[in-house]
Amino acid sequence: MSAAEQAPPDVAIVGGGIVGCAAAAFLAEAGARVELFERDGLAGAASGRNSGAIQHPFDPVLAELHAETLRHFAELEGFELPGAPAGVLMLATERSAVEGPAAAIARDQPELEPVLMDPRAVRELEPALGEDLWGCRLETGYPVRPAAATLAFAERARRAGAVLSEGSGARPWVAGGRLRGVTLGGREHPAGAVLVCAGPWSPAVIDPTRSWRPIAPVWGVVIDVEVEDPPGHVVEQAGVEDVGAGAQEPPDSIFSLVAAAGAVSVGSTFLTEEPDPVAWIPDLRRRAARFVPAVARARVGGARACARPVSVDGRPLVGELAHEGLWVAAGHGPWGISTGPATGRLVADAVLGRASVPAALAAGRL
């Protein structure tokens with residue numbers, strides 16, 4: 001059967017990151033005909049260019065998505081989730097900078113089992129760290145290769161019958177006040193429903209006039225370094241727990257380091273304009289060396305930038321929009337790989353009429 005003779009998809013998905021690929025898998029496994037269109041390459045944006053840490057998002061609403069996401073990862077063929085969290089170690093030069101967050105986390109997310117640590121205990125736990133650092137250890141944090149989960153979900157979607165196209169920039173096709181499908185390279189492509197999972201570019205894909213902008217890009221730069229015996233924990237500067245909140249203006253950069261499968265990623269920036277990644281290498285190396293001295297003399301293997309999709313309130317937008325059949329699932333900020341698969345399952349069920357979206361995540365709230 002030629003492409004022209006094939007039945008149109010039940011659902012066309014725009015965006016091949018972790019949310020789009022997971023949604024494609026869940027929809028196809030439920031029996032829907034699915035086509036996914038990715039403008040560049042699968043996992044080519046934040047889903048594949050992040051630091052590579054799956055961790056608790058410090059938000060009670062997103063925590064439910066995170067717990068479900070871990071279950072999906074544990075059974076995902078072609079992806080290896082560590083059997084236990086490596087732990088997140090929040091660091092600061094002053095006790096007060098970790099003491100306050102530790103108390104708040106103990107109150108609001110006791111399952112993270114926060115442990116306040118003095119500089120001696122920090123060094124005993126992680127000898128690679130610098131001196132005079134206070135810490136708070138959390139029972140979360142799974143270091144992984146950044147793109148691995150997205151590509152594993154893409155393969156799962158293909159096995160279930162979904163068609164995934166790379167290098168195909170699509171946008172919703174609305175005519176006569178009704179959603180008809182997507183336009184693709186000037187061609188009209190019918191579809192029963194359209195799901196936009198294009199990260200920070202979702203508002204522009206949905207509304208080319210740009211009058212609807214509940215999600216904006218926050219650019220992160222990560223550098224790859226060669227460090228012998230790096231910390232086993234995911235290590236982060238205190239304050240990173242607040243950067244997912246859309247209303248807060250984070251500093252230009254906050255230190256983090258993730259060692260996974262022989263690769264060590266150091267980050268990260270939180271910038272409103274697209275940066276030159278190479279230009280940020282000296283600053284990120286200098287900041288990191290205060291926490292992990294070996295970074296100062298480490299060879300830098302490369303630098304990359306990605307745009308995190310941050311919503312106005314720091315939570316993703318999930319649900320149907322003004323045109324019947326037009327859906328969105330985007331805006332996860334820095335928690336895409338930590339919550340995206342569960343969002344994909346949630347929006348898939350909503351599109352199929354099998355579930356409703358919680359009010360705290362509903363697209364119409366913003």
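You can think of it this way: the chain between residue 6 and residue 68 has 18.8 nm of extra reach, that is 0.36 nm per residue less the Cα-Cα gap. Residues whose amide H comes within less than 5 Å of that of residue 184, counting only those at least five positions distant or on another chain, are 189 (H built at 1.01 Å from N in the peptide plane). Accessible surface comparison of 286, 308, probe 1.4 Å, protein chains only, largest first: the order is 286, 308. A probe of 1.4 angstrom, applied to the heavy atoms of all protein chains, finds residue 40 with accessible area near 90 square angstrom. Under a 5 Å amide H cut-off, with hydrogens placed 1.01 Å from N, residue 164 pairs with 36 among residues at least 5 apart or on other chains.
The charge dipole of the chain, taken about the Cα centre with unit charges on the Cβ atoms of Lys, Arg (+1) and Asp, Glu (-1), comes to about 780 debye, rounded to the nearest 20.
Near the amide H of residue 235, within less than 5 Å, lie the amide hydrogens of 89, 257, all on another chain or at least 5 residues away, with H placed in the peptide plane.
With a Förster radius of 22 Å applied to the beta-carbon distance between residue 226 and residue 97, the computed FRET efficiency rounds to 0.15.
Summary value for the chain: 24 percent relative contact order, contacts being C-alpha pairs under 8 angstrom separated by 6+ residues.
What a 1.4 Å probe finds exposed on the stretch 270-350 is 51% carbon and sulfur by accessible area, rounded to a whole percent.
For a paramagnetic label modelled at 7 Å from the Cα of residue 272 toward its Cβ, which residues of the stretch 180-221 fall within the zone defined by backbone nitrogen distances under 13 Å? Label zone hits: 216-219.
Rg and Dmax of the stretch 301-366, both derived from C-alpha coordinates alone, stand at 13.3, 47 Å.
The values are calculated or read from the model by the stated rules, or taken from the named source; none is laboratory data. The model shown is predicted, which means the values in this text are computed figures rather than measured ones. Neighbour counts run over all protein chains shown; Cβ positions are idealised from the backbone, glycine included. In case anyone asks, the SASA skips ligands and DNA or RNA and just uses the protein heavy atoms, side chains included. Shrake-Rupley method; radii C 1.70, N 1.55, O 1.52, S 1.80 Å.
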